[in-house]
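Q: Supplied in structure tokens, the structure appears directly below.
The values are calculated or read from the model by the stated rules, or taken from the named source; none is laboratory data. Just so it is clear, the model here is predicted, and its values are computed rather than measured. With ideal geometry, Cβ positions are generated from the backbone for all residues, glycine too; neighbour counts draw on all protein chains shown. Side chains are part of the model used for accessible areas, which takes the heavy atoms of the whole protein and leaves out ligands, DNA and RNA. Shrake-Rupley method; radii C 1.70, N 1.55, O 1.52, S 1.80 Å.
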There are 2 protein chains.
Amino acid sequence: MKVKLGERLKELRARDNISQAKLAEQIGIDNAMIAHVERGKSLVSIPVLILLAKIFNVSTDYLLGLKDTRD
Amino acid sequence: MKVKLGERLKELRARDNISQAKLAEQIGIDNAMIAHVERGKSLVSIPVLILLAKIFNVSTDYLLGLKDTRD
């Protein structure tokens, strides 16, 4: 099963024009971790997933690539 | 932030009449882990979250308590 979190995150960051550094700061995780997630090398914890959904105002299903509509 | 995964899991297991043991077997994790999650003592990994959503045919947002509708 391919989890699309990385691509979705990259796309939403671009949409909202937020740098990896800025996002890392908002979430309280390391810059390098964001880059790693966006390259599909890591997933995140559930609390971080929920935080990302709130920051970008999308569903967790969208973030994970389970749905193609954002809400 | 209160993550409702435990209560949602318990409710869905009851709905579908699936034992903790049976669910644990389906997911490939330990029985005790399911009990722990249902008591709100642990979360799960993203791959397990996705698997649970598929097994119970609900959204991850519902499982996490971010939405009150199941789809």
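Q: Criterion first (crowded, with 16+ Cβ neighbours inside 10 Å, at pLDDT below 95, part of a loop (DSSP other than H, G, I, E, B) and not aliphatic (A, V, I, L, M)) does A:Lys67 satisfy it?
A: The answer is yes for A:Lys67.
Q: Now a separate question. If B:Leu23 satisfies every condition in (1) free of Cβ contacts under 8 Å to residues at least 40 places away in the same chain; (2) open to solvent by less than 20 Å² (accessible area, probe 1.4 Å); (3) outside any helix (DSSP H, G or I) but one, which is the exception?
A: (3)
Q: Given the conditions (1) within 13 Å of chain B (Cβ to nearest Cβ); (2) more than 17 Å from B:Gly65 (Cβ to Cβ); (3) charged (D, E, K, R), and given that A:Arg13 satisfies all but one, which numbered condition is not satisfied?
A: Here A:Arg13 meets the rest and fails (1).
Q: I need the full set of residues from region A:26-64 which are of a type outside the set (Gly, Ala, Ser) and in a loop (DSSP other than H, G, I, E, B), in order please.
A: Those that are of a type outside the set (Gly, Ala, Ser) and in a loop (DSSP other than H, G, I, E, B): A:Ile29, A:Asp30, A:Arg39, A:Lys41, A:Leu43, A:Val44, A:Asn57, A:Val58.
Q: Among the residues of region A:33-64, which ones are open to solvent by less than 60 Å² (accessible area, probe 1.4 Å) and more than 14 Å from chain B (Cβ to nearest Cβ)?
A: A:Ile34, A:Ala35, A:Glu38
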